[in-house]
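The values are calculated or read from the model by the stated rules, or taken from the named source; none is laboratory data. The structure displayed is predicted, hence computed values, not measured ones. Backbone-built Cβ (ideal geometry, glycine too); neighbour counts: all protein chains shown.
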C-alpha cells in the first residue's frame with residue numbers, strides 16, 4: 001500500500017509539473033490531460049488494492065484456522081516476518097488435513113453428492 005501511495009504522490013508531482021509547463025507555454029494541454037488521467041487512475045486503483053489486501057489477509061486467517069482479521073494482530077507493528085511456532089501438532093497427518101476448512105467443505109460436498117446418488121438409485 002505504501003508503494004501505491006508513493007506512486008500517487010509521484011503522479012501528482014508529474015501533474016503539477018505538466019500544469020506548470022503548460023502555463024509557461026512549454027507543453028500542450030494534452031500533456032496536462034494525460035498527466036491528470038494517469039494521476040486519477042492511480043488514485044482509483046488504491047481502494048481496489050486495499051480490498052485485495054484485506055481479502056488476502058482474511059483468506060490467510062481462514063487457512064490458519066483463525067477468524068478473519070486474526071492476521072492483522074500478527075502483522076500490526078511487526079518489523080520482521082513472524083516465525084512459526086516450535087510446537088509440533090499432535091495427531092495423524094490425515095486428521096490435520098481434515099481440520100482445514102477447504103478440505104472439510106469438499107468432504108461435505110462429496111457426502112452430499114453420494115447421498116444424491118443413493119436417492120437417485122432408490123428412485124429407479
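Taken residue by residue, the stretch 65-86 has at least one member that is in a loop (DSSP other than H, G, I, E, B), touching a helix residue (DSSP H, G or I) at 6+ places or on another chain (Cβ under 6 Å), surrounded by 12 or more Cβ atoms within 10 Å (Cβ to Cβ) and modelled with pLDDT under 90. Evaluate the stretch 45-65: report whether one residue or more is more than 16 Å from the chain's Cα centre (by Cα) and more than 22 Å from residue 98 (Cα to Cα). No, there is no match, as no residue in the stretch 45-65 is more than 16 Å from the chain's Cα centre (by Cα) and more than 22 Å from residue 98 (Cα to Cα). Whether any residue in the stretch 69-80 is over 22 Å from residue 5 (Cβ atoms) and over 18 Å from the mean Cα position of the chain (by Cα) is what I want to check. Scanning the stretch 69-80 turns up at least one residue that is over 22 Å from residue 5 (Cβ atoms) and over 18 Å from the mean Cα position of the chain (by Cα).
Yes or no, residue by residue, for (1) in the same structural domain as residue 12 (by TED's automatic domain parsing); (2) surrounded by fewer than 10 Cβ atoms within 10 Å (Cβ to Cβ); (3) assigned to a helix (DSSP H, G or I):
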site	(1), (2), (3)
33	yes, no, yes
43	yes, no, yes
59	yes, no, yes
105	no, no, yes
119	no, yes, yes
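For residue 28, the stated conditions do not hold, so it cannot be described as modelled with pLDDT under 95 and surrounded by 13 or more Cβ atoms within 10 Å (Cβ to Cβ).
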